[in-house]
Ligand code: FES
């Protein structure tokens, strides 16, 4: 690491040790701490001082280590979370509070949050919420919605009333136990994608297109390599051993690993260089020998569909990727006979996932096999892709998921994995790759922009009569999950309402933009903006209370959905709406009195309360999507759970373990959990579509019951006997007495288990016909939210003041996790409504692309509704996507109530709000 150019003998105190460092001139403290002192608790989310994940204390003051030149800490004291957690009782106590409140979800921001909070608490032991917001304002979190972090730092009583480790004794479904994998997160020891490569590993740098569409010619690559010290290998499309394509939907595998003759979006990779770490620090991608020929690009849906525009992919006329349709009754006839018809057009833009962990990973050759460790939501899908791209038997490939610092859908697609695998194969050496923030934002998937036209009719008494929805979705340069969006949106565009005459179609359009993919809701949040906004317009035209209109038309047990599906139980939208009634009345009364105050009128401040509903089918649409969960009992009495439902912060490591523990009859703390390593854990499917609690949860339930049955059978004891797992034995007690199973008497299998159980659950669905009729999902979850906002009619700013969120989760397996999902989803819905818009070439970092900060998310009151589902484990329903579907339309409806304007293009930036106010002459 040392070189003549390095600064020698720089000394500082790192936690409670004096250390000597040899940084390069200008080297950042974050890099020094990670590379020279293995301080991997210092997370790098942006390398630009925007996210705060790398926050450390220098002489007691919080700083971004990525903005601090290492030479500036000479003679100073540097404290990281690892040191604070080991040495400072204040941080240890804070860690317990973070766990008890569920303030760490994925955990990638947690080191920055806890370090900044420690600095605050040293000076201000009992801070107010406002003081916490100020002190933590430099650290971004994409998962939690911040409210539980504030509660933890302030020191409010948590939902869990007992100490974190003691509560994990209980098996009770519904117990608010702290997340079982939380200790590593609050200690800063969880290893994410960029934390697993050993020091000295070769580095990969990708060469990317600077244009939305361009031809290119590679120069003399051997000469370039020979002239570049430390350049170990160059990779291009010619180096892809198998198929130079990846994707996620059969029939739509259309994205090259390396572009072959033309790039289709800004940031697309055309080549990679593999360098020694020293060479990587000085490599300039601009010097790579390539010439570009910029070509006219289809930057939006309208351009892409113009007859003169070049096709992005052969066989897709007018750049139409594919479409989806649900039709029942006669929508046009119903609209024609409706007493009132409302219609509108709505636009949404690209939304960036903005997880704080950029895509990262490590690969090596090991015993003749390739091993890829990376952050992922779908390890077995990654294996499927690598099998194709490498042209290699899948038994020669191992995928080892690392911790995931947020995913929200984008880490369902491969990113770094093919490059890592190809580079390790070509060089035979370990390699690492971590996307910069800009690379991450340029090249990974986004939420689909949408152009939606909608018409809704109603009778005079408020019954919906006719619904016609037409949505165009910008799927970017490659399909990714676009076909899923096209199929899912028409099923959900009705909202959770009974509509007999319905026609909804969604079409994905290729454009020269980054691929749009999966992002929490698969297009449904976009369609809900249109549908829930127009329902409010309809309520006004009818002179009806918006809540009453929704209740009147809400689905119920026994009423058909627009796909003709009828549920006998579990339809929970009416209970959600009913639960909101008290807050709906009180919040509107408070807003009315605020608006009547002359002082507020003089300031141009107006308040309004908006409401919106949502529903979401859990799991894949109309196709098989099984999960398998395996468990085993070792001779020493250890219970092992192969938990392959990737935990990206939502809590599957905890919820699935709780379900399994309850079925087996063992405390959760006694379970040894294995991750989704494809060598050791069966496929629990991808973490998407709100499927893990429902589908993997059912598989875990079955696995626990099967392992229990195997024990019961050997002891010939009552099926409901209480089991106690002890070293080397299991004892079972029923009314007749206690029996003991001596585990040493049982033969071990190849994995060292004396008993094991592997169980699979696949939800019962049926294919949709040509009109979208059938059984798309075995279960839906339901939601209704209200939001109070304040609009500054002079500045056009919108300030959410409060959310009340009623969510039907069937059965809350763990209320801490439920609240965490709701808070985090609302924060993302707030961003969608008010501030987030990804514009290629303009908002490619977390400085220009705004996500909600700790000061942006107002208090959230959660109302957990439990209407048991027929298929969910213990009646539980999925929740992950549902949480942001009503949030944006509730905000837009609140703006309309406050300011009398209807925003139809999000985000509702101050300039758009001001323009609408001007247009309305208010
Ligand atoms: Fe904060 Fe995931 S917990 S970013």
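No lab work stands behind these numbers, since they all come straight from the coordinates. In this text the structure is predicted, and so the values were computed from the model without any measurement. As a convention, Cβ positions derive from the backbone with ideal geometry for all residues, glycine included, and neighbour counts pool all protein chains shown.
Extending 7 Å from the Cα toward the beta-carbon at both residue 794 and residue 314 defines two label points whose distance is 6.3 nm.
What is the mean projected area of the alpha carbon convex hull for region 712-779, to one decimal in square nanometres?
Values: hull surface 32.4 nm².
Averaged projected hull area, Cα only: 8.1 nm².
Of the three principal axes defined by the Cα atoms of region 852-893, the extents in descending order read 39, 20, 15 Å.
Stokes-Einstein diffusion of region 389-489 at 37 °C, 0.692 mPa s viscosity, Kirkwood radius from Cα pairs, rounded to a whole number: 185 µm²/s.
Sort region 638-707 into rounded, prolate or oblate with this rule: let a ≥ b ≥ c be the square roots of the eigenvalues of the Cα gyration tensor; rounded if a/c is under 1.5, and if a/c is not under 1.5, prolate when a/b is larger than b/c, oblate otherwise.
Numbers: a/c = 1.59, a/b = 1.34, b/c = 1.18.
Here region 638-707 falls in the prolate category.
Rank by packing, highest mean first: peptides 107-118, 92-103, with packing defined as the count of other Cβ atoms within 10 Å averaged across residues.
Numbers: 107-118: 29.2, 92-103: 23.8.
Averaged packing, sorted descending, gives the order 107-118, 92-103.
Projected label points at residue 848 and residue 72, each 7 Å from Cα along the beta carbon direction, are separated by 2.4 nanometres.
Rank by packing, highest mean first: peptides 34-47, 208-221, with packing defined as the count of other Cβ atoms within 10 Å averaged across residues. Walk me through the numbers before you get to the answer.
Details: 34-47: 22.1, 208-221: 17.4.
The most tightly packed comes first, giving 34-47, 208-221.
Beyond 23 Å, what share of the Cα-Cα pairs of region 173-277 is found? Please give it as a whole percent. Looking at region 173-277, the distances longer than 23 Å represent 51 percent of pairs. Going out from 0 in 10 Å bins, what whole percent of all Cα-Cα distances in region 264-417 drops into each bin? In whole percents, the pair-distance histogram is 8, 20, 27, 25, 12, 6, 3, 0.
Under the criterion of Cα pairs below 8 Å and six or more residues apart, the relative contact order for region 548-623 equals 21 percent. Both radii were evaluated on the Cα set of region 605-722; the Rg over Rh quotient, with Rh as the Kirkwood radius, amounts to 1.14. When Rg and the Kirkwood Rh are both derived from Cα coordinates, the Rg/Rh ratio for region 807-922 amounts to 1.07. Shown here is the pair-distance distribution of region 503-601: with all Cα-Cα distances grouped in 5 Å bins from zero up to the longest one, the shares run 2, 9, 12, 16, 18, 14, 10, 8, 7, 3, 1 percent.
Stokes-Einstein diffusion of the chain at 25 °C, 0.890 mPa s viscosity, Kirkwood radius from Cα pairs, rounded to a whole number: 86 µm²/s. Cα centroid separation, region 223-238 to region 635-700: 44 Å. Entry for region 587-645 at q = 0.20 Å⁻¹: log10 I(q)/I(0) = -0.88, Debye formula applied to identical alpha-carbon scatterers, no solvent contribution.
Please give the residues of region 66-87, grouped as numeric ranges, whose backbone N is less than 19 Å from a label point set 7 Å along the Cα-to-Cβ vector of residue 22. From region 66-87, the list is 70-75.
Its alpha carbons give region 523-680 an Rg and a Dmax of 23.8, 76 Å.
Need one number: the % of Cα-Cα pairs in region 863-922 sitting beyond the 18 Å mark. Percentage above 18 Å: 51. Panel order for 631, 30, by other beta carbons found within 10 Å of each beta carbon, from fewest to most: 30, 631.
Helix-only arithmetic for the chain: the sum of -39500 (n - 2.57) across DSSP H runs with n ≥ 4, divided by the residue total, places the mean residue ellipticity at 222 nm at -8500 deg cm²/dmol.
Which FRET efficiency value, to the nearest 0.05, do you get for residue 720 and residue 751 by plugging their Cβ-Cβ distance into 1/(1 + (r/R0)^6) with R0 = 30 Å? Please report the intermediate quantities before stating the final value.
On the way: r = 29 Å, r/R0 = 0.96.
The value I calculate is 0.55.
With a simple spin-label model that places each label point 7 Å from the Cα along the Cα-to-Cβ direction, the separation between residue 590 and residue 345 comes to 3.9 nm.
Can you tell me how much longer the chain between residue 599 and residue 744 gets when fully stretched, taken as 0.36 nm per residue apart minus their C-alpha distance, in nm with one decimal? Walk me through the numbers on the way to the answer.
Numbers: separation 145, 0.36 × 145 = 52.20 nm, distance 7.96 nm.
The residue 599-residue 744 span can extend by a further 44.2 nm.
Dividing the mean sequence gap of close Cα pairs (under 8 Å, 6+ apart) by how many residues the chain holds gives a relative contact order of 14 percent.
Sorting 395, 282, 484, 862 from the fewest to the most surrounding beta carbons within 10 angstrom yields 395, 282, 862, 484. Based on alpha carbons, the Rg and Dmax found for region 649-789 are 19.4, 67 Å. A Förster distance of 41 Å, applied to the separation of the beta-carbon atoms of residue 191 and residue 623, puts the FRET efficiency at 0.75. Note on region 772-799 and region 37-81: Cα centroid distance 38 Å, given to the nearest whole angstrom. Gyration tensor over the Cα atoms of region 446-568: the corresponding equivalent ellipsoid has semi-axes (square roots of 5 times the eigenvalues, largest first) of 29, 15, 11 Å.
Per residue, the convex hull spanned by the Cα atoms of region 356-420 measures out at 69 cubic angstrom. Taking every alpha-carbon pair under 8 Å whose residues sit at least 6 apart, region 52-198 reaches a relative contact order of 30 percent.
So for region 59-136, what percent of the C-alpha to C-alpha distances run longer than 22 Å? Mind showing how you got there, number by number?
Working: 706 of 3003 pairs.
Result: 24 percent of Cα pairs exceed 22 Å.
Across all directions, the average projected area of the convex hull around the alpha carbons of region 15-104 is 5.9 nm².
How would you classify region 261-300 from its alpha-carbon gyration tensor, with a ≥ b ≥ c the square roots of the eigenvalues: rounded for a/c under 1.5, else prolate if a/b is greater than b/c, otherwise oblate?
Verdict is prolate for region 261-300.
For region 308-353, taking the reciprocal of the average inverse distance between every pair of different Cα atoms yields a Kirkwood hydrodynamic radius of 15.2 Å. Calculate the length of the line joining the C-alpha centroid of region 291-361 to that of region 380-457, in whole Å. Result: 23 Å between the Cα centres. Compared with the direct C-alpha span, the chain from residue 672 to residue 731 gains 19.4 nm at full extension, assuming 0.36 nm per residue.
Based on alpha-carbon positions alone, could you give the equivalent ellipsoid semi-axes of region 224-328 from the gyration tensor, as √(5λ), descending, whole Å?
Details: eigenvalues 254, 59, 26 Å².
With the √(5λ) rule applied to region 224-328, the semi-axes are 36, 17, 11 Å.
Judged by the gyration tensor of its Cα atoms, with axes a ≥ b ≥ c, region 666-739 is prolate; a/c meets the 1.5 cut and a/b is the larger of a/b and b/c.
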